[in-house]
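Colleague: Below is the structure I would like to discuss, written out as structure tokens.
Every number in this text was worked out from the coordinates using simple rules, so none of it is lab data. Everything quoted here is computed from the prediction, not taken from an experiment. In this analysis, Cβ positions are derived from the backbone assuming ideal geometry, glycine residues included, and neighbour counts consider all displayed protein chains.
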Amino acid sequence: MTSPRGENWEDIDVRILACDILGALLLICTAFGVGLTEAKGIHIERYRYLRSERSTDFACLDEQYWAGVYG
């Protein structure tokens, strides 16, 4: 598994901040060359990082972000 380049993180972060979970997962799969299961773990880690570093940039609240996801 390789880490995405900086511009890939930017694209992924834009999707996460916009609450576009599916879009973020697809970009993570492509950037890291992983399947959906691994992408979900990477997504959760990145989401937590962004919530701590850029919480005001999110388009929705934490509860709204996860509503109906991974259930």
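Colleague: Given the conditions (1) under 16 Å from Val14 (Cβ atoms); (2) touching a Cys at 6+ places or on another chain (Cβ under 7 Å), report the number of the one that Leu50 does not fulfil.
Modeller: (2)
Colleague: Looking at the stretch 7-71, what helices (runs of 4 or more DSSP H) fall wholly within it and have at least 3 residues that are touching a residue at least 24 places away in the same chain (Cβ under 8 Å)?
Modeller: Details: elements: 21-32, 36-53, 62-66.
Passing ranges, in order: 21-32, 36-53.
Colleague: Say we look at the stretch 16-48 and pick out the residues that are of a type outside the set (A, V, I, L, M, F, W, C) and over 19 Å from Gln64 (Cβ atoms); which of these is surrounded by the fewest Cβ atoms within 10 Å (Cβ to Cβ)?
Modeller: Quick first cut of the stretch 16-48, residues of a type outside the set (A, V, I, L, M, F, W, C) only: 20, 23, 30, 33, 35, 37-38, 40-41, 43, 45-48.
In the following step, the residues that additionally are over 19 Å from Gln64 (Cβ atoms) were identified as 30, 33, 35, 37-38, 41, 45.
Details: Thr30: 14, Gly33: 11, Gly35: 9, Thr37: 7, Glu38: 14, Gly41: 11, Glu45: 10.
Only one residue tops the list, namely Thr37.
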